[in-house]
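A short write-up of the structure that comes next.
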Amino acid sequence: MKDGTGKLRSAVRVVGLGLYFAFAMAPIVWILMMSFKNPGDVIATPPKFIFSPTLDNYKAITVGLESYSSESLRPDFPKYFLNTLIIASATVAVSLVLGTFAAYSLARFSFPMKEDIAFTFLSFRFAPELMVILPLYVIFQKCHLIDSFAGLTLAYQLVTLPFLIWVLRGFFEEIPKEIEQAARVDGCTWWGVFCRISLPLVKPGIAAVVILSFIFAWNNFIFAMILGGERTQPITLGILGFIGYERVLWGQMAAATIICAVPELVLAFVIQKYIIRGLTFGAVKG
Amino acid sequence: MANIVLDNVDKYYGDLHAIDHLQLQIRDREFFVILGASGAGKTTTLKMMAGVEPVDSGSIFMDGQDVTRWPPERREVAMVFESYALYGHLSVYKNMAFPLLAGRRKRLTASEVEQKVRRVAQLLGIDMLLQRRPAELSGGQRQRVALGRALVREPAAFLMDEPLSHLDAKIHHQMRSELRQLRECMGSTIVYVTHDYGEALALGDRIAILHEGKIMQVGTPGEVFHHPATRLVAESLGDPPMNVLPGRICCQDGRTFVEIQGQPLRVSGAVEGPSAATPPRQVDVGIRAQHIRATQAPSSRPFHLPGQVYVHEVLGDEGLLTVTVGPQHVMVLTSPEERFTPDERVYLSWEAEAMHLFCGQTGKNLQSHSV
């Protein structure tokens, strides 16, 4: 009897998870298929599941293809891709350096208004980006930061920095104080403890926030649209370029989207083992 | 090689007066034990000596130097934390080598470090665990690593916070004798915190009993055990804990008697306070379980306290008899051969010398001992 309900429960679970998996994967599979279709197959109704795949879309956006219009002979996509890579990497690097120190201070030191400062950081996350974009635009214009990599990296801090600070603060707080005290007694200065004990202990946390911050920065649209320009345009905006006046290049758009997702996937795979170790972090505490 | 002096040290946690005007003088090369229940402020005291917990007022001196404001890395002390505080991202070997390589200390060559670590690891029986991570060790093994991390150094003082508390009985006894051995050859001052009175009596040259942030008594194991300064000290030493019975102290014909449940017992030695002029006053009579004799028949002695057997437990080579006397229980150690049945009437008696008299209000020991 008990066995029966157990089996039923696990069957329900499997079916439920299967449905969710299908729901979550369907758009991705659809885009993937689209990226291998020629224009006719993309807009065919009813949708085609069996078709002869082509690499034309990928060729068009990377090296250019004769058969399309002349502009795709010198595709912009690689440039957008590079722009995004530069902006996202710089954003994460800056956030990581600033955020690690900020998070450690908020976790370990006591100073006036500590919680207010921490909350202010958090509040950047729930203020809609559209609300700050206009004043930011005016400031950036005055400072000649519009359409510059430095400017966008700065603006993106609004997205990544608060997140990084709050997550890492939690990780730093997890470290038992006595471990740091032990290191002090063992002869380390405050700085030595931070570099040799605290930082290595939060490595799993750092891995997790790096990948998530990178994804946030990679996917950002609104800041790049308003504060960016021709020189710094990232993929998120570049993809919009496939919607032209006379036609929509669905196939190329799909191919661009797929290529777009690759760096995020690679990063996730590389850092995955740290994230899993992050989950078992508690076992280290003695 | 250091003496440590705590002069009028105070520590507050919010409103809680955790350490209250603490005065301690720890001599050079002394094995000094701080004994107290949890929450008494033992760990805080130790951490203040190490410098990882700031002092609110008062001063700490080491070898005559005021180190109160010194950062921990400048004080030449090693500390064993009760929570082990091992570095989870480093192997056992690296954990133990850490203090030798960290900071501004004298640089050692890699082979010197290895030699020191291996020697201590062998001593503690953890030499086969050196490549493991702390997460892969049992509680007892972790505790030995924590101990090892302190022992690799040659500090002026070792501060040990319950270093044996998580070891099982067999290793516990083994480590206890190891520690005693170590103390002979190390020549360092050791400050050792424990809640286990047996450990305190076995290891300490001197013992300080701490209660709610205040020192109750400082003395050799013999002094604190046989001549406790207060009722609290008496109760924290010994298992089963000392029996405390309410009594009245009075004077008759120049002799001092204590009256327990109407039965007078002559007090040996001088007692503070009472004289023929003062009215009888309330005292607490402390008597250890091993000093009480329980008999089925009233003895011929003038003093015997009647009671009823509550339970008699035979624990291997001794028996523990619980007797109901009036409203309370009295514990008596018996030989395992003696047989008592519940509700049986018994008579308790003891020698006047084995008795401690404490003031009913302050808990202070009323007998003056020539120590």
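Every number here is computed from the coordinates shown, using simple stated rules; none is lab data. All values derive from a computational prediction rather than experimental measurement. Note that we place each Cβ from the backbone using ideal geometry, even for glycine, and neighbour counts take in every protein chain shown.
Using θ = phi - 60° in the Karplus curve 6.51 cos²θ - 1.76 cosθ + 1.60, the 3J(HN,Hα) couplings for the stretch B:43-57 round to 5, 4, 4, 5, 5, 5, 5, 6, x, 8, 10, x, 9, 7, 8 Hz; x is entered for Gly and Pro. Equivalent ellipsoid of the stretch A:36-154: semi-axes from √(5λ) of the C-alpha gyration tensor, largest first, are 45, 19, 16 Å. Once the convex hull of all Cα atoms in the stretch B:1-158 is built, its volume per residue stands at 131 Å³.
Which distance in nm do the two modelled labels at residue B:29 and residue B:351 give, with both placed 7 Å along the Cα-to-Cβ direction? It works out to 3.6 nm between the two label points.
Rank B:121, B:169, B:229 by mean-square fluctuation in a GNM of chain B with C-alpha springs under 10 angstrom and give only the top-ranked residue. Taking springs between Cα atoms under 10 Å, the residue moving most is B:169. Roughly how many Å is it from the Cα centre of the stretch B:173-241 to that of the stretch B:33-73, as a whole number? Computed from Cα coordinates, the inter-centre distance equals 18 Å.
Between the listed residues B:174, B:367, B:285, the Cα displaced farthest toward the positive end of the dipole of the protein assembly as shown, a dipole computed from Cβ unit charges relative to the Cα centre, is found at B:174.
Roughly what percent of Cα-Cα pairs across chain B reach past 29 Å? Of the Cα pairs, 52 percent sit more than 29 Å apart. Our summary of shape: the Cα atoms of chain A have principal axis extents of 74, 72, 33 Å, ordered from largest down, in whole angstrom. Using every pair of separate Cα atoms, the Kirkwood estimate puts the hydrodynamic radius of the stretch A:2-73 at 15.4 angstrom. Taking the inverse of the mean reciprocal distance over all distinct Cα pairs, the Kirkwood hydrodynamic radius of the stretch B:46-101 comes to 12.9 Å. Kirkwood analysis of the Cα pair distances in the stretch B:303-345 returns a hydrodynamic radius of 10.5 Å. With the cut-off at 21 Å, tell me which of the pairs A:79/A:142; A:177/A:203; B:47/B:116; A:203/B:94; A:203/A:273 have Cα atoms farther apart than that. Violating the 21 Å limit, Cα to Cα: A:79/A:142; B:47/B:116.
Taking the Cα centre of the stretch B:1-98 as the origin and placing charges on Cβ (Lys, Arg +1; Asp, Glu -1), which of B:97, B:23, B:85 is farthest toward the positive end of the dipole? Farthest along the dipole direction, towards plus: B:97. Neighbour counts of C-beta atoms inside 10 Å place A:147, A:41 in the sequence A:147, A:41, starting with the fewest. Of all beta bridges DSSP finds with both residues in the protein assembly as shown, what is the antiparallel percent, to the nearest 5? The antiparallel proportion sits near 80 percent.
Oblate is the label for the stretch B:137-206, because a/c, from the alpha-carbon gyration tensor with a ≥ b ≥ c as root eigenvalues, is 1.5 or above and a/b does not exceed b/c. Given +1 at the Cβ of Lys and Arg, -1 at the Cβ of Asp and Glu and no other charges, the dipole of chain B around its Cα centre is 1060 debye to the nearest 20. Net charge dipole, the protein assembly as shown: roughly 1500 debye, given to the nearest 20, about the Cα centre with Cβ charges of +1 for Lys and Arg and -1 for Asp and Glu. Per residue, the convex hull spanned by the Cα atoms of the stretch A:213-256 measures out at 83 cubic angstrom.
Counting Cβ atoms of other protein chains within 10 Å of each residue's Cβ and taking the mean over peptide B:70-83 gives 4.
Can you tally the net charge around residue A:106? Count Lys and Arg as +1, Asp and Glu as -1, for every other residue whose Cβ sits under 14 Å from the Cβ of residue A:106. Around residue A:106, the surrounding residues sum to -1. Within the shell of other residues whose beta carbon sits under 15 angstrom from the beta carbon of residue A:255, the net charge comes to -1, with Lys and Arg scored +1 and Asp and Glu -1. Gyration tensor analysis over the Cα atoms of the protein assembly as shown returns equivalent ellipsoid semi-axes of 74, 30, 24 Å (largest first, whole Å). With K and R counted +1 and D and E -1, the other residues having a Cβ less than 9 Å from that of residue B:231 yield a net charge of -1. Build a GNM of chain B with springs between Cα atoms under 10 Å: which of B:309, B:283, B:233 gets the top mean-square fluctuation? Per the Cα network of chain B with a 10 Å cutoff, B:309 tops the list. Mind telling me which of B:327, B:72, B:264 comes out most flexible in a GNM of chain B, alpha-carbon contacts under 10 Å? Comparing B:327, B:72, B:264 in the GNM, the peak value goes to B:327. Taking the Cα centre of the stretch B:243-359 as reference, the dipole from Cβ charges on Lys and Arg (+1) and Asp and Glu (-1) amounts to some 420 debye.
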